[in-house]
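Worksheet: one structure, shown below.
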Amino acid sequence: MRRFLFYEARKFENALHFVLVPSKLAYRTNTTFDQVNNSTGRSNFNWVTVINSLVHGGTNTELELLEASKMFSSGTKPNEYALANLVRVTTDLGSYSLPQQLHSYILRSGHLSRVYVSASLIRFYVKMNLLAQAHKVFDEMPQTNVVSWNTLISGYVQAGQFRRALGLFRRLGRSEICADAFSVTPALAACGQLSMYILGRSIHSKVVKLGMLDGTVVANCLIDMYGKCGLVKDAIWVFSEIVDKDVISWNSVIAVTANNGNIQLAYRFLHLMPNPDNISYNGLINGIAQWGNIQDAVQILSTMPTPNSSSWNSIITGFVNRNQVRDALDMFYRMHSRNIQMDEFTFSIILDGLASVAASTWGMLIHCCAMKYGIDTSVVVGSALIDMYSKCGQVKRAESIFLGLPNRNLISWNAMMHGYARNGDSAQVIELFKMLKSEGNTKPDGITFLNLLSACSHNQIPIEVAIDYFESMINEHGITPSVEHCCSMIRLMGQKGELWRAERMIHELGFESHGVVWRALLGACGTQKDIRVAETAAAKVIELERDEDYVYVKLSNMYASLGRWEDVGAIRGLMSKKQVRKEAEAKVEFVFNESTAKDQKHDAAALCSGNLDSRHPNSAAIMFLIKNPGGSLEVDLGRADLYNREPATPDLTADLIKETDDALCNILLHDDAIVFHGTAYATKTNLKTRVRVWI
C-alpha cells in the first residue's frame with residue numbers, strides 16, 4: 001500500500017498526465033478538522049494540514065500528495081475522519097487509483113464500519129460511474145444514513161438507471177431512515193423520465209405528508225415530473241401553489257406547457273414572468289420547434305436580446321426532426337457566421353441530420369469544423385461522427401474515429417456496432433461485442449443486442465448462436481426483450497425455416513397483442529411458404545392493425561406460389577369487393593454514370609475489375625453496365641435480392657422525389673472500397689417506381 005501510494009505521489013510530482021480539478025466539497029471542513037484534532041491530538045496535525053491544503057487546491061497539490069505518501073511510509077496513519085476527507089479530496093481532484101488504494105487501506109484498518117467513511121467511498125464510486133462497486137460498499141455498511149442512500153439514488157439517476165434508482169428509493173421508504181428533500185428530488189426525476197405518473201403522484205403524497213411541499217426545489221421537481229408525464233394541469237396546479245416562485249419555477253412551467261403543445265399558454269407564462277432569461281425563451285422555442293410553426297421560433301430567436309447556443313440548437317433540432325436538413329444547415333451556417341459559440345450538441349444534431357440523408361460531403365465539412373473547435377474527439381461528437389460516416393458507407397473512417405476516441409460510452413459502442421451491421425460486416429459486430437464485454441466498465445443494453453441480432457441475420461451464423469445471444473440478454477444482462485427484439489428473432493428464425501419456433505416465441509414473450517410482431521411473422525412466411533403459420537399471422541394482423549390490404553396481397557402471392565388458384569381467386573374476389581388494389585411492382589434501373597468514376601478520380605475498370613462480389617444477385621447486370629457506359633438495365637425489385645441499406649451519397653442525385661424501403665439499395669464492392677452507391681431517385685408514376693442507381 002505504502003509503495004503504491006508513494007509511486008502515485010511520485011507521478012504527481014513528475015506531472016505525468018494527471019488533471020487537477022478545483023475542489024468543490026459540500027461539507028464543513030473546519031468542523032471535521034477540529035474533530036480530527038480533538039480525537040487524535042497533536043500527532044495528526046500534519047494530516048489536518050495536508051487535507052486542508054488539498055481541499056483549497058493551489059499549485060502545491062503534487063507536493064501535498066507526496067507529503068501524504070511520506071506520512072504513510074513513516075507510520076503516521078490517518079484516523080477515520082481524516083480518511084473520509086482524504087477520499088473526498090482525492091475524488092474531487094479526479095484521481096482514480098488513489099481512492100481505490102485508500103479503500104484497500106480502509107478495509108484492512110477496519111474503518112469501513114464508520115458511516116461517513118463508507119459514504120465517502122460510495123461518493124467516489126458514483127462519481128467514477130462505477131455503480132456496482134458503489135452498491136457493494138452500500139450493502140456492506142453495517143449502518144447507513146440518509147446521505148449514503150441519497151448518494152446512491154442520485155448516482156443511478158445520473159447514470160440513466162432510473163428503475164434501479166426507484167427500487168432503491170422504495171427500499172428507503174421501507175427502512176427506518178426518513179427520506180429528505182435530497183431523496184425525493186432524484187426519485188421524481190426518475191419518475192418523469194419513465195413517465196411513471198402513478199408512482200410520481202404517490203411520491204407527491206409523501207412530500208405533502210412530510211411537509212416538504214413548501215420547499216421550492218421539491219415543487220419545481222414536481223412540475224418537471226408532471227410535465228414529462230404529460231399532466232400539464234397537475235404541473236400548473238403545483239406551480240400556482242408555490243409561494244416563493246423562483247426563476248426555475250417559471251422556466252419549468254414554461255417548458256412544460258410548450259413541450260406538451262400548449263404554445264399559447266407558454267406565451268402567456270413568458271409574458272407574466274418578471275424577468276425572463278435565455279432559458280425561458282429557449283423553453284418556448286423548443287416547444288414551438290416541436291409542435292408549432294418553426295418560423296415562429298426563428299422569429300423569437302431574432303428578437304432575443306442575447307441568444308445563446310441552446311437557442312440555436314433548439315431550432316436546428318426542430319429542422320432536423322422535420323427532415324428539413326437544408327434549413328438546418330442554413331441555421332448552422334448563420335450560427336457560425338455570427339460567431340455564436342457552438343457546443344457538442346450543435347455538432348451532434350447537425351451530424352445526425354446529415355446522417356439521415358447520407359450527405360457525406362457536408363458531413364466531412366462539419367467534421368473539419370468540429371476539429372477546429374477541438375471537440376471532434378469528445379464522446380458526443382465522436383459518436384455522431386461514427387454514425388454519420390457509417391450511414392454514408394464510409395465504415396473505415398467511422399472505425400478510425402471510434403478507435404481514436406479517448407473515452408467511449410455505450411452510445412459510441414452501439415454506433416460502431418450499428419455501422420458494421422448496416423454495412424454487412426457481421427464478424428466485426430461480434431468481435432466488437434466481445435471487446436465491449438471484456439472492457440467491463442460498460443454494460444450492453446437493448447440496442448446493443450439489436451445490433452448483434454441484426455448482424456446474425458446478415459451472415460451464415462447458426463440460429464443457435466443468435467438464440468444464445470438472445471437468452472444471454474435476458475438471463476445474464478437482465479434486459480427485458482422489446483417488440484423490436486422479438487421482430488429481429490422472428491426474421492432470423494424465418495430465414496432458417498423455423499417459423500414454428502418464432503410463433504411459439506411470440507406467445508412465450510407475451511407479445512400476442514402487438515400487431516407488428518405478427519406482421520413480421522407473416523413477412524417471414526413468404527420465403528418459407530408456410531401457409532398454416534401465414535394464415536394465423538394474417539388473421540392477427542387484420543384483428544390488431546386492420547391492415548387488410550397488406551394481408552390480402554401477401555396471402556394472394558403465397559397461394560399463387562403454391563399453385564392454389566382457387567384460394568387466389570377467393571382472395572382477389574375479396575380485394576375487388578373491398579376495393580383493395582395491388583400496386584405494380586417497383587423496378588430498379590441501374591445506370592452506369594461514367595462521370596461518377598471520373599469525379600471520384602477512379603478509373604471505372606480498375607475500380608471494379610476483380611473486386612465485385614460475385615455473390616451479389618445482380619453482379620452480371622452490373623458488369624454489363626460497367627462495360628457499356630451510359631447503358632441501362634431494369635431489374636424487378638420483387639426478384640432482386642438487393643442489399644437492404646440506406647442510400648450512401650444523395651449528393652450525387654438531384655431532385656430527390658421519393659424514398660421507399662424497396663428503393664434503398666447499396667451495391668457494394670467486396671473490399672468496401674468506393675462503391676456502387678444506390679440512391680432513391682426519379683419518377684413515381686401510376687405504373688411503377690424507378691430507382692436510379694449511380695455506379
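The values are calculated or read from the model by the stated rules, or taken from the named source; none is laboratory data. Predicted model, so just to flag it, every value in this text is computed and none were measured. A quick note on method: Cβ atoms are made from the backbone with ideal geometry, for glycine too, and the neighbour counts reach across all protein chains shown.
Numbers for the structure displayed
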quantity: Tally, over segment 214-251, of residues that are in a helix (DSSP H, G or I) and not hydrophobic (A, V, I, L, M, F, W, C); calculated: 12
quantity: Filter pass, residue 520 being of a type in the set (A, V, I, L, M), surrounded by 14 or more Cβ atoms within 10 Å (Cβ to Cβ), under 35 Å from the mean Cα position of the chain (by Cα) and more than 23 Å from residue 455 (Cα to Cα); calculated: no
quantity: Any hit, segment 268-279, residues being buried (at least 22 other Cβ atoms within 10 Å of the Cβ) and either without any contact (Cβ under 8 Å) to a residue 12 or more places away in the chain or of a type in the set (A, V, I, L, M) (or both); calculated: no
quantity: 2 or more residues surrounded by fewer than 21 Cβ atoms within 10 Å (Cβ to Cβ), without any contact (Cβ under 8 Å) to a residue 60 or more places away in the chain and small (Gly, Ala, Ser): qualifying helices (runs of 4 or more DSSP H) within segment 310-406; calculated: 395-404
quantity: Residue within segment 455-462 that is hydroxyl-bearing (Ser, Thr, Tyr), in contact with a Lys or Arg (Cβ under 8 Å, 6 or more places away or on another chain) and surrounded by 17 or more Cβ atoms within 10 Å (Cβ to Cβ) present; calculated: yes
quantity: Output for segment 287-299, where each listed residue is assigned to a helix (DSSP H, G or I), under 16 Å from residue 259 (Cα atoms) and not aromatic (Phe, Trp, Tyr); calculated: 287, 288, 289, 290, 294, 296, 297
quantity: Leading residue by the ranking (modelled with the highest pLDDT) among those in segment 109-139 that are buried (at least 18 other Cβ atoms within 10 Å of the Cβ) and of a type in the set (Gly, Ala, Ser); calculated: 134
quantity: Helices (runs of 4 or more DSSP H) completely within segment 495-561 that count 1 or more residues being touching a Lys or Arg at 6+ places or on another chain (Cβ under 7 Å); calculated: 515-528, 531-545, 548-561
quantity: Residue satisfying all of: in segment 301-323; of a type in the set (A, V, I, L, M) and over 16 Å from residue 352 (Cα atoms); nearest to the chain's Cα centre (by Cα) among these; calculated: 301
quantity: Within segment 161-213, tally of residues that are in a helix (DSSP H, G or I) and under 21 Å from residue 144 (Cα atoms); calculated: 18
quantity: Identity of the residue in segment 142-159, crowded, with 19+ Cβ neighbours inside 10 Å and of a type outside the set (Val, Ile, Thr), that ends up farthest from residue 186 (Cα to Cα); calculated: 148
quantity: For residue 459: the one exception among (1) in contact with a Ser or Thr (Cβ under 8 Å, 6 or more places away or on another chain); (2) part of a loop (DSSP other than H, G, I, E, B); (3) at pLDDT 90 or above; calculated: (3)
quantity: Restricting segment 411-428 to residues that are among the hydrophobic types (A, V, I, L, M, F, W, C) and in contact with a helix residue (DSSP H, G or I) (Cβ under 7 Å, 6 or more places away or on another chain), the residue that is farthest from residue 445 (Cα to Cα); calculated: 421
quantity: Any hit, segment 430-443, residues being over 19 Å from the mean Cα position of the chain (by Cα) and either crowded, with 20+ Cβ neighbours inside 10 Å or in contact (Cβ under 8 Å) with a residue 12 or more places away in the chain (or both); calculated: yes
